[in-house]
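Read through the structure below, which is laid out as structure tokens, and then see the notes.
The values are calculated or read from the model by the stated rules, or taken from the named source; none is laboratory data. Computed from a prediction, not measured in an experiment: that's the story for all the values here. Positions of Cβ are backbone-derived with ideal geometry, glycine not excepted, and every protein chain shown enters the neighbour counts. To get the accessible areas, we keep the full protein, side chains included, count just its heavy atoms, and leave off ligands, DNA and RNA. Shrake-Rupley method; radii C 1.70, N 1.55, O 1.52, S 1.80 Å.
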Amino acid sequence: MVGTNNKVEDSYAEDLQSHFSNMATTNTDVSEKNSIVSLEIAMEVHKVIPPPPKSTLAKFKTKLKETLFPDDPLRQFKGQTLGRKIILGFQYIFPMLQWAPNYNLKLFKSDIIAGLTIASLAIPQGISYAKLANLPPLLGLYSSFVPPIVYAILGSSRDVAVGPTAIASLLLGSMLTEVVSPNQPLLYLQLSLTATFFAGIFETLLGFLRLGFIIDFLSKPTLIGFMAGSAVIVSLQQLKLLLGIVNFTKKAALVPVMTSVFQRRDEWSWQTILMGFFFLSFLLVARHVSLRKPKLFWVSAIAPLTSVLLSTLFIFAFKGQNHDISIIGSLKGGVNPFSFNMLKFHSSHTTAAIKVGLVAGIVSLTEGIAVGRTFAAMKNYKVDGNKEMIAIGLMNVVGSCSSCYFTTGAFSRSAVNHNAGGKTSFSNIVMALTVMVTLLFLMPLFHYTPNVVLGAIIVSAVIGLIDIPAVYLVWTIDKIDFLICTCAFIGVIFISVPGGLAIAIGISILKVLLQTTRPKTVILGNIPGTDIYRDLHHYKDAIRVPGFLILSIEAPVNFANTNYLVERITRWIEEEEEKEGQGEKGGLEFVVIDLSGVSTIDATGISLLTELKKVTDNRDMEFVLVNPVGEVVEKLVRANQVHKFMCGDHLFLTVGEAIVSLSSKVKDGGLNHV
């Protein structure tokens, strides 16, 4: 194999020499002359120059703009009259004003149908999710009344339907029970509202300060594993309701939950189990029908409310509450009471409420924005992430002052809204008004609603969060991402919901750090017959250029990876010397570093280049840089290192130009080291 490689390199050298000699030939026909002209053009070496000078303030402004304002939100105001700017300003702050002027009867009919449909889902879900968060059922309905109205005014999505979600409810319930027991209902309610308030403040600030990139630390694999684990834990916790257990653990982890289930077998109720199995089967069948035939979306949309109505009538008719089937009980009617006076800002538990608010706020914000972007992509319109953060944040701030807990864009409701033909966010207002009517006039009807049906509704809702095809896709694409996904899933199940999330985020950050501290560096070879140079291990046709070590750094160079790059590149040089007979004459003569992939470099990174220059100088080799971006060249100038690289043949625009130019310097007019 070594002999074969040498023959290939010999052939490459002969071809290159022949290429040079052919260029010098003058007795050629017209076509050959044209070929020579094109080759001479290809031989032209382009000079690398520093970028135009720019002040530090100007560079800071540019970087700040690209970091915080990549969408350039003020560009729509350019060239507009004062009156038009005022109108655009109000439309920017209140997206509702963008579609309201063109609203018509056709859109109204679509939104009415969609709003009523999602209300039929929101009412039973609201009651169920409030129970999941260990809160009074009324808070679930309150959270489906005020926040949707706020979102309809401030939100930029046409399809998002807001309300409490299973994940946020689980986070609130699991994290707060570690601090205060639900057996202290007033204190528990006060801390829930306080956590919601701080979550809203945090979300709003993220939007105003345009710091949405923070939530990007929740990568897709992290969310897939976290959602699946949360769905499993939520479902297992509903065994309390599905089995009729009265004394159940407050911990949200697999072992405590299953231990509690089997230790309380004496509390199992066969009547409750039978009813739970029937309605859970009904809900799952309805969901399956809607998934198989999207036109029948309404089947799964009305199934929860249908289950509530049927089970309530059954319990009322047969006095089920006297046969070990627990019911919701009396619910007070009326709309949301004012609750700002219940927020705890000066309590020993305030710190815990802030912690819960930050964690649940980030998760619910990520969920809401993901839902909005999903449906926006389906309908080919744009959702402003910063506006969404402000809208979700403000509706939580307002909600915390009106007896609401965490709300965000709910995927199940949004899917129903989309399938029901909702055209604008007015469908949220229709849903809210329907919930208001329910709060005012229909609450007595839920007195006999069995808790087991609420558990079945939760299980049927969260089971869709277990996305097996997405997990398989992550496994296929990236095994490290699959590890992150798995750790999030296992962490949520066996440790806790916030613990699993923290582990997944930690591994994600570790992955980023590893990619930063151990950047990819590859050896390049020439694709025969071209001036293209590619990774030798990727392109099998690529061959080594004798006498040259061509390396490509494919990551930013900074203090975190400089030492690694020096050691790795030095080892490559030593390996090349060993192959060529421990540095004997005719061995490695040029080390070429392709900087195309180095988007940025810091002061420590500049020392990498000077260190490698010393290493090659000590070995009588020439060190060459290729295609550095403007920032690299500028920092070389500022570091007074430019004379080392920009004088003579040490800096080239492309690898091909570097090879052709440097090859002409080889003694005897050829490649005598071959």
Check whether at least one residue in segment 575-594 is in contact with a helix residue (DSSP H, G or I) (Cβ under 9 Å, 6 or more places away or on another chain) and closer than 30 Å to residue 510 by Cβ, and report yes or no. yes
Of the residues in segment 35-81, those that are open to solvent by less than 60 Å² (accessible area, probe 1.4 Å), modelled with pLDDT of 70 or more and more than 26 Å from the chain's Cα centre (by Cα) number 4
Per the filter on segment 285-335, residues outside any helix (DSSP H, G or I), in contact with a strand residue (DSSP E or B) (Cβ under 8 Å, 6 or more places away or on another chain) and either within 22 Å of residue 463 (Cα to Cα) or of a type in the set (Gly, Ala, Ser) (or both) are 326
Pairs, please: C-beta under 8 Å, at least 6 apart or cross-chain, first residue assigned to a loop (DSSP other than H, G, I, E, B) and in segment 525-541, second exposed (fewer than 10 other Cβ atoms within 10 Å of the Cβ)? none
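Select from segment 546-557 the residues that are in a loop (DSSP other than H, G, I, E, B) and within 23 Å of residue 608 (Cβ to Cβ) and write down the one among them that is least open to solvent (accessible area, probe 1.4 Å). Step through it out loud before you land on a result.
To start, the set of residues in segment 546-557 that are in a loop (DSSP other than H, G, I, E, B) comprises 546-547, 554-556.
After this cut, where a residue has to be within 23 Å of residue 608 (Cβ to Cβ) as well, the list is 554-556.
Details: 554: 87, 555: 13, 556: 51 Å².
Taking the candidates together, the pick is 555.
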Filter the helices (runs of 4 or more DSSP H) completely within segment 87-155 down to those with at least 3 residues that are under 26 Å from residue 441 (Cβ atoms) and over 27 Å from the mean Cα position of the chain (by Cα). 105-132, 137-142
All but one of (1) crowded, with 24+ Cβ neighbours inside 10 Å; (2) more than 18 Å from residue 335 (Cα to Cα); (3) modelled with pLDDT of 90 or more hold for residue 132; state the number of the condition that does not hold. (3)
Inspect all residues belonging to segment 503-518 and state whether any of them is open to solvent by 30 Å² or more (accessible area, probe 1.4 Å) and over 32 Å from the mean Cα position of the chain (by Cα). no
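In a helix (DSSP H, G or I), within 25 Å of residue 239 (Cα to Cα) and in contact with a Gly (Cβ under 9 Å, 6 or more places away or on another chain): does that describe residue 453? Walk me through it before giving the result.
Details: in a helix (DSSP H, G or I): yes; within 25 Å of residue 239 (Cα to Cα): yes; in contact with a Gly (Cβ under 9 Å, 6 or more places away or on another chain): yes.
Yes; evaluated as a whole, the condition is true for this residue.
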Any pair with Cβ under 6 angstrom, 6 or more apart, that starts in segment 426-446 at a residue that is within 13 Å of residue 124 (Cα to Cα) and ends at one that is surrounded by fewer than 18 Cβ atoms within 10 Å (Cβ to Cβ): 439/335; 443/333
Would you tally the residues in segment 456-486 being part of a helix (DSSP H, G or I), in contact (Cβ under 8 Å) with a residue 12 or more places away in the chain and more than 20 Å from residue 301 (Cβ to Cβ)? 10
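Among the residues of segment 488-495, is any over 27 Å from residue 224 (Cβ atoms) and of a type in the set (Phe, Trp, Tyr)?
Residues of segment 488-495 over 27 Å from residue 224 (Cβ atoms): none.
No - not one qualifying residue is present in segment 488-495.
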Could you list all residues from segment 210-221 that are modelled with pLDDT of 85 or more and either under 18 Å from residue 143 (Cβ atoms) or part of a loop (DSSP other than H, G, I, E, B) (or both)? none
Looking at segment 145-158, is at least one residue surrounded by 24 or more Cβ atoms within 10 Å (Cβ to Cβ) and closer than 20 Å to residue 234 by Cα? no
Residues (of a type in the set (Phe, Trp, Tyr) and within 20 Å of residue 475 (Cα to Cα)) located in segment 186-238: 217, 226
Output for Cβ contacts, cut-off 8 Å, separation at least six or different chains, first residue over 13 Å from residue 222 (Cα atoms) in segment 499-515, second at pLDDT 85 or above, reads 513/560; 515/555
Here the residues within segment 283-309 that are under 29 Å from the mean Cα position of the chain (by Cα) and among the aliphatic types (A, V, I, L, M) are 291, 301
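Assess whether residue 226 counts as being under 27 Å from residue 161 (Cα atoms) and among the hydrophobic types (A, V, I, L, M, F, W, C). Let's see the steps before the verdict.
Numbers: under 27 Å from residue 161 (Cα atoms): yes; among the hydrophobic types (A, V, I, L, M, F, W, C): yes.
In short, yes.
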Among 353, 377, the single one that is surrounded by fewer than 23 Cβ atoms within 10 Å (Cβ to Cβ) and either in contact with a Pro (Cβ under 8 Å, 6 or more places away or on another chain) or in a helix (DSSP H, G or I) (or both) is 377
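Matching residues to (1) of a type in the set (Phe, Trp, Tyr); (2) farther than 18 Å from residue 356 by Cα; (3) open to solvent by 30 Å² or more (accessible area, probe 1.4 Å); (4) assigned to a loop (DSSP other than H, G, I, E, B):
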site: 178; (1), (2), (3), (4): no, no, yes, yes
site: 193; (1), (2), (3), (4): no, no, no, no
site: 204; (1), (2), (3), (4): no, no, no, no
site: 225; (1), (2), (3), (4): no, yes, no, no
site: 249; (1), (2), (3), (4): no, yes, yes, yes
site: 259; (1), (2), (3), (4): no, yes, yes, no
Give me the pairs: first residue in segment 84-113 and free of Cβ contacts under 8 Å to residues at least 12 places away in the same chain, second residue in a helix (DSSP H, G or I) and open to solvent by 80 Å² or more (accessible area, probe 1.4 Å), beta-carbon distance under 7 Å, and six or more apart or on different chains, which are they? 91/98; 97/90
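Quick one: how many residues across segment 398-412 are in a helix (DSSP H, G or I) and open to solvent by less than 30 Å² (accessible area, probe 1.4 Å)? Steps first, please.
Initially, segment 398-412 is screened for residues in a helix (DSSP H, G or I), giving 398-400, 411-412.
Filter again for open to solvent by less than 30 Å² (accessible area, probe 1.4 Å), leaving 399-400.
The qualifying residues number 2.
Quick one: would you say residue 473 is buried (at least 16 other Cβ atoms within 10 Å of the Cβ) and over 17 Å from residue 232 (Cβ atoms)?
Numbers: buried (at least 16 other Cβ atoms within 10 Å of the Cβ): yes; over 17 Å from residue 232 (Cβ atoms): yes.
Here the answer is yes, as residue 473 does meet what is asked.
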Would segment 558-580 turn up any residue that is modelled with pLDDT under 85, open to solvent by 10 Å² or more (accessible area, probe 1.4 Å) and part of a loop (DSSP other than H, G, I, E, B)? yes
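Of these, 311, 339, 300, which one is closer than 30 Å to residue 223 by Cα, crowded, with 17+ Cβ neighbours inside 10 Å and among the polar types (S, T, N, Q)? Spell out the reasoning first.
Numbers: 311 fails: closer than 30 Å to residue 223 by Cα; 339 fails: closer than 30 Å to residue 223 by Cα.
Just a single option satisfies the conditions, and that option is 300.
Name the residue that is farthest from residue 310 (Cα to Cα), counting only residues in segment 424-445 that are among the β-branched types (Val, Ile, Thr) and in a helix (DSSP H, G or I). Spell out the reasoning first.
The first filter runs over segment 424-445 and keeps only residues among the β-branched types (Val, Ile, Thr), leaving 424, 429-430, 434-435, 437-438.
With in a helix (DSSP H, G or I) added as a condition, the list becomes 429-430, 434-435, 437-438.
Working: 429: 27, 430: 25, 434: 20, 435: 19, 437: 20, 438: 17 Å.
Residue satisfying both the conditions and the ranking: 429.
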